[in-house]
Amino acid sequence: MDNTTRYERLRERYMNGDLDRRGFLGLIGAAGLAYGVQTPFARYANAQTVSQVRFDGWGGVVSEAFRKYAFDPYTADTGIAVVDGTFGGGDEYLSRVKASQPGEYNIAHLSGVFDYARYHNLGLSSELNEANIPNLQYVIPKLVDVFRKVSGGALSCVPYDYGTTGLAYNRKYISDAEMQEKGAKILIDAAYKGKIAGWSDWRTRIWFASLQTGQDPNGATDMDAVWDAIRAHRDLSLKYWTSGAELMSLLAEEEIYVTEGWSGRIYALQEQGHDIGYYDPPNGYGWQECLFVLKGSPMEACEELLNFMLAPETSIAVAEGQNYPPALDPNKVDLGAKIPTLPAFDPKGTLEGLTFADPAYWNGHEADWSKTFGRVQKGY
């Protein structure tokens with residue numbers, strides 16, 4: 001059947017009432033695309049026939065907040081389902097993406113500019129049409145600019161939230177004064193052997209070991225001292241935790257007294273009534289997260305979801321649910337009563353008080369340091 005006949009028959013079905021308008025345009029576009037023909041309806045039809053978008057994030061209270069305050073309302077508004085998956089760490093998720101087919105994964109809740117740079121350098125980035133994301137205007141400019149520098153001006157993501165990885169401790173056993181005195185070194189204090197834990201992430205381990213040895217986390221010069229500190233922490237620890245849910249459980253059940261932890265998860269424990277303190281030491285680990293659109297994704301549907309996510313009412317509701325400050329500029333948007341009380345929140349919107357990971361430094365050492373940490377983690 002030639003294309004002309006195909007289109008005529010589809011039109012006849014539409015005129016007879018056998019197809020609704022969406023179905024008609026969808027089949028016209030699908031027919032044209034299947035034969036390499038760019039019909040007048042093809043671009044519109046291709047966007048309209050998207051039935052779902054996949055989103056992968058960190059699970060736990062974070063995913064619960066996204067589902068309740070963003071995904072379900074978005075689906076109700078557009079008819080496009082959001083299928084959400086979870087991961088425990090950035091390296092794990094990247095391995096999945098590299099082994100997948102283009103389009104299998106769509107949007108990821110990535111952590112840090114170094115993750116964004118990794119994906120971009122591997123050819124996994126897309127290019128957003130910012131005209132389809134007008135709510136980007138409400139985002140803190142500094143958070144947008146750092147991503148533009150990586151990808152030469154275009155964006156493959158929108159910034160969404162930020163926070164810190166600081167020191168979490170049970171006040172029943174460790175006072176605020178002791179924590180402020182010892183700082184990161186409390187994680188290698190033999191007095192708490194068996195009651196210490198840490199995230200099984202090589203960057204976090206190196207960051208805190210740099211603090212413990214008095215070095216710049218973005219430029220350590222004595223890596224032997226860093227690895228020694230990591231081994232000391234390993235030998236004193238009950239275990240390495242691998243997810244936010246496990247972090248919260250270890251502290252809530254008093255299996256451990258001290259660990260580094262994610263600011264929003266610690267706030268959630270405090271909301272639940274646990275007397276858990278939280279302290280960001282000087283040069284503590286600040287990070288920002290973004291919603292990254294992978295190459296091969298249905299761009300218009302993804303852009304519509306990103307714009308919906310950045311709408312102040314959505315972004316604020318998600319932030320209050322997951323306990324991380326949103327990327328929205330407090331100079332442009334009234335963020336309400338709760339968000340200014342969250343750890344790491346910057347009322348000025350400059351983020352000058354946070355130390356972020358230098359993407360060139362960390363990605364430049366990834367192959368060597370991740371491999372070395374793998375050996376140290378196993379006891380070498």
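General remarks:
- Each other residue within a Cβ distance under 13 Å of GLU178 adds +1 if Lys or Arg and -1 if Asp or Glu, for a net charge of +1.
- Whether the chain is rounded, prolate or oblate, judged on the alpha carbon gyration tensor where a/c under 1.5 counts as rounded: prolate
- Computed per residue of the chain from DSSP H runs no shorter than four, each worth -39500 (n - 2.57), the mean residue ellipticity at 222 nm is -13000 deg cm²/dmol.
- Sequence-distant lysines (8 or more away, or on other chains) whose Cα lies within less than 21 Å of LYS68: LYS338
- Accessible heavy-atom area order of LYS378, LYS172, LYS182, highest first, probe of 1.4 Å: LYS378, LYS172, LYS182
- Just checking the listed ones, ARG265, ARG96, ARG203: in the Gaussian network model of the chain with Cα springs under 10 Å, the one fluctuating most is ARG96.
- For the listed peptides 107-114, 149-156, 63-70, a ranking on the average number of other beta carbons within 10 Å per residue, highest first, reads 107-114, 63-70, 149-156.
- Within the chain, percent of DSSP bridges classed antiparallel, to nearest 5: 60 percent
- For the range 207-264, the set of GluC sites (Glu not before Pro) satisfying both a DSSP loop assignment and a count of at most 10 other C-beta atoms within 10 Å is given as GLU253.
- For the range 324-352 versus the range 87-116, the gap between their alpha-carbon centres in whole angstrom: 27 Å
- A cut-off under 14 angstrom between Cβ atoms defines the neighbours of LYS348, and their net charge, with Lys, Arg +1 and Asp, Glu -1, is -1.
- Positive-end residue of LEU143, TYR160, SER95, charge dipole of the range 78-167 with Cβ unit charges: LEU143
- Packing order of peptides 270-281, 317-328, highest average first: 317-328, 270-281 (average count of other Cβ atoms within 10 Å over each peptide's residues).
- Unsatisfied cross-links (Cα-Cα over 20 Å) in the set LYS98/LYS378; LYS172/LYS193; LYS142/LYS185; LYS239/LYS378: LYS98/LYS378; LYS142/LYS185
The values are calculated or read from the model by the stated rules, or taken from the named source; none is laboratory data. Source: prediction; values computed, not measured. Cβ: placed from backbone, ideal geometry, glycine included. Neighbour counts: every protein chain shown. These area figures cover heavy atoms from the full protein model, side chains too; ligands, DNA and RNA do not enter into them. Shrake-Rupley method; radii C 1.70, N 1.55, O 1.52, S 1.80 Å.
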